[in-house]
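Chemist: Provided herewith is a single structure, encoded as structure tokens, for subsequent inquiry.
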Amino acid sequence: MPKKSGTSPEDEKEQSQWVFLAEESALTQDIDNSKPVICRLRHPRTDDGAMFMFSCGDTLVHEIIVFQEEYRSWFVGQTVQEDGSLYLTTRVDPIFLVLPYLIKAEKKGKLMTSDQLVIDDDFPECNRLLSCTGLNELHHVCDIKGDDDLKAYRYNKDKTLLWLKLKVTKLADRLQEKRINVSSGAAAASYVKSLKTEAGSKDDCIRYAHGMVSDYLNEEVSQELQEYLGIQNLQDATPVSEPPTKKAKLVEKVDPEENYYSTPTGKSGSQKPKKESVAQKKLKQVDKSGMKNIASFFSPKIKKEAK
């Protein structure tokens, strides 16, 4: 759509658009004709604010991930959108977002109801998490007391680690099933066909899956999960010997044992004597006494000192 003459900067700002890829489940309207809601929530990994989107009716929650490049724009209709960012949504288990509030409440040593747990003055929209369908699985990470009318929750570390282990194991099995490259050079290996890089070992997939799950855990819980799974740090792991590369790397300059540019030293047995021609033999028979060397004719003459 062409711009109208005399368009103010405020009008241009209102016409700005973004390219957004979202799951259909996040955009499907419910019977109340409610719309998806984009808001900021506390991220469980960084403890800072991040963008999330609730589906219609707040039943599902998705994290919004932004892919940006320095020189990138979008052609939308007849307009060019300067912001070439690509916004993606990925569904998140709401328990990961509620977990930091459970851990914080557990340090006070009290059981609390869900509406008492999920309270955040900096991010008031967090109360929408209570409507997510995934919170009916809180018994996997909490001790629950009370009846259906009134339930109180308290964080349970052992239950949480077991629940996270199942998450990691299921994800690792999926990575192996799909033959996802989980090596350190995964980005470049996408273009390489090799049996070595196409499928990682079970331990490699477990380590990689742990890293993915840890994107939604704080550092303390991530470390506890690593120990619970028995994952060894890469720097502590025993290095695996690899076959030598085809092209050996020269450590230092190696000189040849013999100098092929030097004059023969005349050592016995080093070289065979050359055969002399007939002219050379006759030259040896000539009496050379009294003859001057040919070089003497070209040397400078020495002046005698005057007496």
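Chemist: Just give me the residues in region 111-170 being of a type in the set (G, A, S) and in contact with a Lys or Arg (Cβ under 6 Å, 6 or more places away or on another chain), in sequence order.
Modeler: A152, the sole residue that qualifies.
Chemist: Further, regarding this structure: How many residues are without any contact (Cβ under 8 Å) to a residue 24 or more places away in the chain and surrounded by 14 or more Cβ atoms within 10 Å (Cβ to Cβ) when one looks only at region 214-227?
Modeler: So the answer is 2.
Chemist: Still on this structure: How many residues does region 200-213 hold that are buried (at least 17 other Cβ atoms within 10 Å of the Cβ) and at pLDDT below 90?
Modeler: 1
Chemist: Limited to region 134-188, what total is found for residues that are in a loop (DSSP other than H, G, I, E, B) and of a type in the set (D, E, K, R)?
Modeler: 5
Chemist: Follow-up question, since we're still on this one. Considering region 25-43 alone, what residues qualify as being open to solvent by 40 Å² or more (accessible area, probe 1.4 Å) and either at pLDDT below 85 or more than 25 Å from the chain's Cα centre (by Cα) (or both)?
Modeler: S25, L27, T28, Q29, D30, I31, D32, N33, K35, P36, I38, R40
Chemist: Residue under question is T90, and the condition is that it be under 28 Å from H140 (Cα atoms) and in contact (Cβ under 8 Å) with a residue 40 or more places away in the chain; does it hold?
Modeler: no
Chemist: Which count do you get for residues in region 37-55 that are assigned to a loop (DSSP other than H, G, I, E, B) and either under 19 Å from G134 (Cα atoms) or in contact (Cβ under 8 Å) with a residue 60 or more places away in the chain (or both)?
Modeler: Final tally of qualifying residues: 5.
Chemist: Does region 44-82 hold any residues that are open to solvent by 60 Å² or more (accessible area, probe 1.4 Å) and closer than 30 Å to D121 by Cα, and which are they?
Modeler: R45, T46, D47, D48, M51, I65, V66, F67
Condition check ((1) modelled with pLDDT of 90 or more; (2) in contact with a strand residue (DSSP E or B) (Cβ under 7 Å, 6 or more places away or on another chain); (3) more than 21 Å from L217 (Cα to Cα)) across all residues:
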| residue | (1), (2), (3) |
| --- | --- |
| D83 | no, no, yes |
| D93 | yes, no, no |
| L97 | yes, yes, no |
| S114 | no, yes, no |
| Y153 | yes, yes, no |
| V168 | yes, no, no |
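Chemist: Let me ask you something else. What are the pairs with Cβ atoms under 7 angstrom where one residue, in region 149-173, is touching a residue at least 60 places away in the same chain (Cβ under 8 Å) and the other, located anywhere, is in a helix (DSSP H, G or I) and of a type in the set (D, E, K, R)? Sequence gap at least six, or different chains.
Modeler: L161/E224
Chemist: Quick check, is K107 open to solvent by 80 Å² or more (accessible area, probe 1.4 Å) and under 28 Å from Y153 (Cβ atoms)?
Modeler: yes
The values are calculated or read from the model by the stated rules, or taken from the named source; none is laboratory data. Nothing here was measured: the structure is a model prediction, and the numbers come from that model. All Cβ positions, glycine included, derive from the backbone under ideal geometry; neighbour counts span all protein chains shown. For the accessible areas, the whole protein counts, side chains as well, though only heavy atoms, and no ligand, DNA or RNA atoms are used. Shrake-Rupley method; radii C 1.70, N 1.55, O 1.52, S 1.80 Å.
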